[in-house]
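Structure first, then comments.
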Amino acid sequence: MNLPLLTLCIWLPIIGGLVVLANGERERNLGRWVALAFALVTFAISLGLWIGFDPTTAEMQFVERASWIPNLKAEYFLGVDGISMPLIVLTSFVTIFVVIAGWEIIDYKQTQYLAAFLIMEGLMIGVFSALDAVLFYVFWEAMLIPMFIIIGVWGGPNRVYATIKFFLYTFLGSVFMLIALIYLYRESGSFSILDFHHLELGMTAQVLIFIAFFLAFAVKVPMVPLHTWLPDAHVEAPTGGSVILAAIMLKIGGYGFLRFSLPITPDGSAELAWIVIALSLIAIIYIGLVALVQDDMKKLIAYSSIAHMGFATLGFFLVFALALQPSFAQALQPSISGSVLGIEGGMVQMISHGFISGALFLCVGVLYDRIHSRQIADYGGVVNTMPWFGAAMVFFAMANAGLPGTSGFVGEFMVILATFKASFWWALLAATTLILAAAFTLWMVKRVIFGPVKNDQVAALQDLDLRERINLGVLAAVVLLFGIWPAPLVEVMHPTVERLVAQASVCKLPESERFNCVLPKANRVVSQVP
Amino acid sequence: MPMSFAAEQLLSILPEITILISAALVLMADLFSDQGASPGSVSPNRPAQAARPVRGLSHGLTLLGLVIALGLTGFVGGGTPQILFDGHLIQDAMTDLLRAAILIIGILAFVYVRPWLEERGLLIGEFYALGLLALLGMLVMVSANSFLALYLGLELQALALYALVAFERDSARGAEAAMKYFVLGALGSGLLLYGISMLYGATGSITFGPVAAALSAQETNEVLVFGLAFVVIGIGFKFGAVPFHMWVPDVYEGAPTPALLILGSAPKIAALAFAVRILVEALPSLHPDWQGMLLILSVLSMGLGNLVAIAQSNIKRMLGYSTISHVGFILLGLLAGSRQGYAAAMFYAIVYAVMAAGAFGILLILSRQGLDAERLEDLKGLNDRDAWYAAMMGLMMFSMAGVPPTVGFMAKLLVLEAVIRIDLVWLAVVAVFFSIIGAFYYLRVVKFIYFDPPAPDAPPLAGSAGVRAAITLNALAVLALGIYPAALLSLCQAAF
């Protein structure tokens, strides 16, 4: 079967969005069913990616390659490996819940709302599957347009400030990446990202390119101190916007580190990895403390997202700390396995965080739809009037805190294990998250869910309806599934991550600069492209 | 050299001849139409309904002439480059492409302006005749092969545009803008002519080929560089590059929007042709000299244009500053001095003209009885008033900001690529830095369109089915060229 699955995954939701838009506001019911249908079909197709995926190889699969802008040697070049494929499935999966969550709540121009999310789904899948730098950049930036509109039109009172800040921050980071990409094009003669992977680059160039990439991806992840757009954007965005932001958009930053920074500039990354690791640890501890004192539920979850993404970036950049260890040359195998563990842990963390934070934002959305307040102080004793909701929220809060048995635990555990191989003290600092995350989430849950009924509004609350039960129930099942049995996820990405570690821990300097190379000198593994 | 003249040379300038004939016909047709409705005696509030059938004639004639000229451009285009009329005109791939681009944008512009003119009783032949003459001047500019022909085209275009800016004769602001435009434009032309005279003195020729040949044979000397400096100043004036930009914001703010539509779009293409013909075809051996000059103009334009645009509350003035910043990008491509750079600059200029035409077209629709839409607030809640126009305007703004998948991004990508290729990475960093600043004020326009509710007294949108179709075409072109830029890019590259 040679269906162009990736093309379908990208363009089907975009076409769906246009269909929904063309349908207009009058046939509202039709519009949302059409939107849901497109979201479901796209998810089904992306499952096809998972089923047809060959987990034994690190090569790109489902490759599609066609001429696009011959004058620039830019191509319509798509393909997935073990890193991008799970993220694509995550994207199409989460979009379904976003569509369902906007079903009755969004009153103002609902078709435009649903269409924006569908179009964004296509663009995000495009980001994960593009193997041509121009194509990647087009998807990467185009994604900003629907998100800008979503926050600005359907957001909260301070939405204009939040959305312009969001746009400008991301734009700021990415234009420097554009320059790096054009420079790499000049050096390698093509825009293929796989060609970038085995391009020799001098140290100065690597450091500058690393900084350019870092700006782009660190804003997206976001890493301290470039994170300030996130709490604003999350708080002001409508529920669906927050879910997509937390579940997918942040992952795009992490994905960028894996696809670009690690393999393209290994020496530059090795030189500057300590900054990333330090910033990740700061995110985990400092942002965890910041989250503790929030009195806005959405803001609290937003800060918790930053802290959790700090885990992912920590896991990714351990590879350099491990490669620099003196034992690396003698005992290649154990260190490599530590690096693999770190990256896989980061990936699992990202995917699990996609489910958990998405679910938590949906929970806050459920409350917000009823009482129109996000303040923790306005709630109390919700479990008395909404027992089902209370159960769901407590479950997701536990998962967020990393309770064993939920997917939140798996990633954190893997990253902490890997960190131990690099440094005991880092691991100790990273492990504080287990306490901090438990503190801020459970304290919030205690104040919102438990205790006596706080006021008349809480007393009048209605429990979850069928739509909300489906939404939260399915997500809970997935969180539990990956918590108990994460093997399928890890197996899918294993060969790819091994290849990535091999690429990232080999010196990439040109012959003339090899003498001061800190990374081991060995032959690079070259990706084969059919 | 004896004059040689062959009638078949006229074939190559059939598009220009067609435009000239249309302009003459429009003027004549206007004589026989309702005399009572000449512009002086029409009060702005009196609709000129009675005169409409005859008035429509000049509109129809104009469009017909433009379409025929466009067809003829395709008919006479292609083939090997020909030098015509003793070396004064040239017909090559660049001529064909830019002629077609100017004519297409001209057609769009004339379609957009009709409802506005009708509403104010200004649907008069003069507007069309002047507009056609301005287009004729641009066409001459893109096919010029000598300083003389170039200057003639430039002045024809400029004089017609001065008059267009002032054509709403009851408007004091229009008259003021026209006066400023005229004085500064004349100054620019004078400086340009002075520079040309020096180049003529140094090389002994006014046609580009011999000038280039003479220059490559001799060392650079003071007279040449002096002449070059004045020529570059002339180019700066016509482009509106900092520090020769002073006329731009005032003219943009004061000119009636229809005149602005014609003035703000296609002339950028002509200005590019003007710069390319002089700098690239006549003075290639002075590249090291003019590269430095353009570099300063370019950085200043991007910086000042983007920074000052932020402070504007008048959207026309804001678009004026935005033009300045785009000119900086166009110059960036030119100064690269490579084939890619020239092609990128040309791509950028054409694309900018398309975006500007669309943006001004939508401003025309938003204008209300007797008042132009010029405050940013006039765009408030456009999404509620008409979602389609809102989406189109949004596309234009994102394109001007350079956000993919619109063509504005592709244009910037090409220019940056050309600049990085000649190892000026720092310049590329400066350029993107300023474009981040620029993104802010375009986003602000989108904010008014989408995030704000409409004003309670917002008038119904002007505009006919034809206008809607043209705007749609225009905006979708911005999107389509962004998704598939290869065709236009190949045409641009073929021109060098």
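When you look at A:Ala133, is it farther than 30 Å from A:Ala278 by Cα and within 24 Å of the chain's Cα centre (by Cα), yes or no? So A:Ala133 fails the test.
If I filter the stretch A:8-28 for residues that are hydrophobic (A, V, I, L, M, F, W, C), surrounded by fewer than 16 Cβ atoms within 10 Å (Cβ to Cβ), more than 14 Å from chain B (Cβ to nearest Cβ) and free of Cβ contacts under 8 Å to residues at least 40 places away in the same chain, do I get at least one hit? No: the stretch A:8-28 contains no residue that is hydrophobic (A, V, I, L, M, F, W, C), surrounded by fewer than 16 Cβ atoms within 10 Å (Cβ to Cβ), more than 14 Å from chain B (Cβ to nearest Cβ) and free of Cβ contacts under 8 Å to residues at least 40 places away in the same chain.
Against the definition (on the phi < 0 side of the Ramachandran plot, free of Cβ contacts under 8 Å to residues at least 12 places away in the same chain and facing chain B (nearest Cβ under 10 Å)), how does A:Val134 come out, yes or no? It is false that A:Val134 is on the phi < 0 side of the Ramachandran plot, free of Cβ contacts under 8 Å to residues at least 12 places away in the same chain and facing chain B (nearest Cβ under 10 Å). I need the full set of residues from the stretch A:282-319 which are closer than 16 Å to A:Leu417 by Cβ and out of contact with any Asp or Glu (no Cβ under 7 Å at 6 or more places or on another chain), in order please. Within the stretch A:282-319, A:Ile284, A:Ala312, A:Leu314, A:Gly315, A:Phe316, A:Phe317, A:Leu318, A:Val319 meet the criteria. Within the stretch A:137-150, the set of residues being over 24 Å from A:Ser67 (Cα atoms) and either at the interface with chain B (Cβ under 9 Å from one of its Cβ atoms) or at pLDDT 95 or above (or both) comprises A:Leu144, A:Ile145, A:Phe148, A:Ile149. On the given criteria, is A:Leu114 touching a residue at least 12 places away in the same chain (Cβ under 8 Å), in contact with a helix residue (DSSP H, G or I) (Cβ under 9 Å, 6 or more places away or on another chain) and part of a helix (DSSP H, G or I)? Spelling it out, A:Leu114 is indeed touching a residue at least 12 places away in the same chain (Cβ under 8 Å), in contact with a helix residue (DSSP H, G or I) (Cβ under 9 Å, 6 or more places away or on another chain) and part of a helix (DSSP H, G or I). Scanning the stretch B:367-394 for residues that are facing another protein chain (nearest Cβ under 9 Å) and open to solvent by 10 Å² or more (accessible area, probe 1.4 Å) yields B:Asp384, B:Ala387, B:Ala391. Just one residue in the set A:Ala477, A:Ala487, A:Ala437, A:Ala431 is within 23 Å of the chain's Cα centre (by Cα), under 16 Å from A:Asn400 (Cα atoms) and surrounded by fewer than 14 Cβ atoms within 10 Å (Cβ to Cβ); that residue is A:Ala477. For the stretch B:352-366, the criterion of being within 25 Å of B:Arg317 (Cβ to Cβ), within 19 Å of the chain's Cα centre (by Cα) and within 9 Å of chain A (Cβ to nearest Cβ) is met by no residue. Listed conditions (1) open to solvent by less than 10 Å² (accessible area, probe 1.4 Å); (2) within 21 Å of A:Leu144 (Cβ to Cβ); (3) more than 7 Å from chain A (Cβ to nearest Cβ) are all met by B:Leu427, apart from (2). Check off (1) over 26 Å from B:Pro485 (Cβ atoms); (2) of a type outside the set (Phe, Trp, Tyr); (3) open to solvent by 10 Å² or more (accessible area, probe 1.4 Å); (4) at the interface with chain B (Cβ under 10 Å from one of its Cβ atoms) for A:Leu168 and give me the number that stays unchecked. For A:Leu168, the failing item is (1). Selection of the stretch A:186-206 for residues being among the aromatic types (Phe, Trp, Tyr) and within 14 Å of chain B (Cβ to nearest Cβ) yields only A:Phe191. Residue pairs whose Cβ atoms lie under 8 Å apart, separated by 6 or more positions or on different chains, with the first residue in the stretch B:73-85 and more than 13 Å from B:Gly209 (Cα to Cα) and the second open to solvent by 60 Å² or more (accessible area, probe 1.4 Å), are B:Val76/B:Leu11; B:Phe85/B:Phe5.
Inspection of the stretch A:415-428 finds no residue satisfying the criterion of being among the aromatic types (Phe, Trp, Tyr), in contact (Cβ under 8 Å) with a residue 60 or more places away in the chain, open to solvent by less than 60 Å² (accessible area, probe 1.4 Å) and part of a helix (DSSP H, G or I). B:Val446 meets the conditions (1) under 30 Å from B:Gly174 (Cα atoms); (2) at the interface with chain A (Cβ under 10 Å from one of its Cβ atoms); (3) surrounded by fewer than 23 Cβ atoms within 10 Å (Cβ to Cβ); (4) of a type in the set (A, V, I, L, M) in every case but one. The failed one is (3).
When A:Met85, A:Met120, A:Met124 are screened for being farther than 18 Å from A:Gly241 by Cα and assigned to a helix (DSSP H, G or I), only A:Met85 passes. Got a sec? Which of A:Val497, A:Val445 is open to solvent by less than 10 Å² (accessible area, probe 1.4 Å), of a type in the set (Val, Ile, Thr) and under 29 Å from A:Leu262 (Cα atoms)? When all the criteria are applied, what remains is A:Val497. Applying the set (1) open to solvent by 10 Å² or more (accessible area, probe 1.4 Å); (2) part of a helix (DSSP H, G or I); (3) within 9 Å of another protein chain (Cβ to nearest Cβ); (4) touching a residue at least 40 places away in the same chain (Cβ under 8 Å) to B:Asp452 leaves exactly one unmet item: (2). Taken over the stretch A:274-303, the criterion of being open to solvent by less than 20 Å² (accessible area, probe 1.4 Å), farther than 23 Å from A:Leu341 by Cα and either in contact with a Leu (Cβ under 7 Å, 6 or more places away or on another chain) or not basic (Lys, Arg) (or both) is satisfied by A:Ile287, A:Gly288, A:Ala291, A:Asp296, A:Met297, A:Leu300, A:Ile301, A:Ala302. None of A:Ala101, A:Ala74 is touching a residue at least 40 places away in the same chain (Cβ under 8 Å), within 14 Å of chain B (Cβ to nearest Cβ) and crowded, with 20+ Cβ neighbours inside 10 Å except A:Ala74.
The values are calculated or read from the model by the stated rules, or taken from the named source; none is laboratory data. Fair warning: this is a prediction, and the values are worked out from it, not measured in the lab. Methodologically, a virtual Cβ is constructed for each residue, glycine included, from the backbone with ideal geometry; neighbour enumeration extends over all protein chains shown. These accessible areas exclude ligands, DNA and RNA; they are computed on the full protein's heavy atoms, side chains included. Shrake-Rupley method; radii C 1.70, N 1.55, O 1.52, S 1.80 Å.
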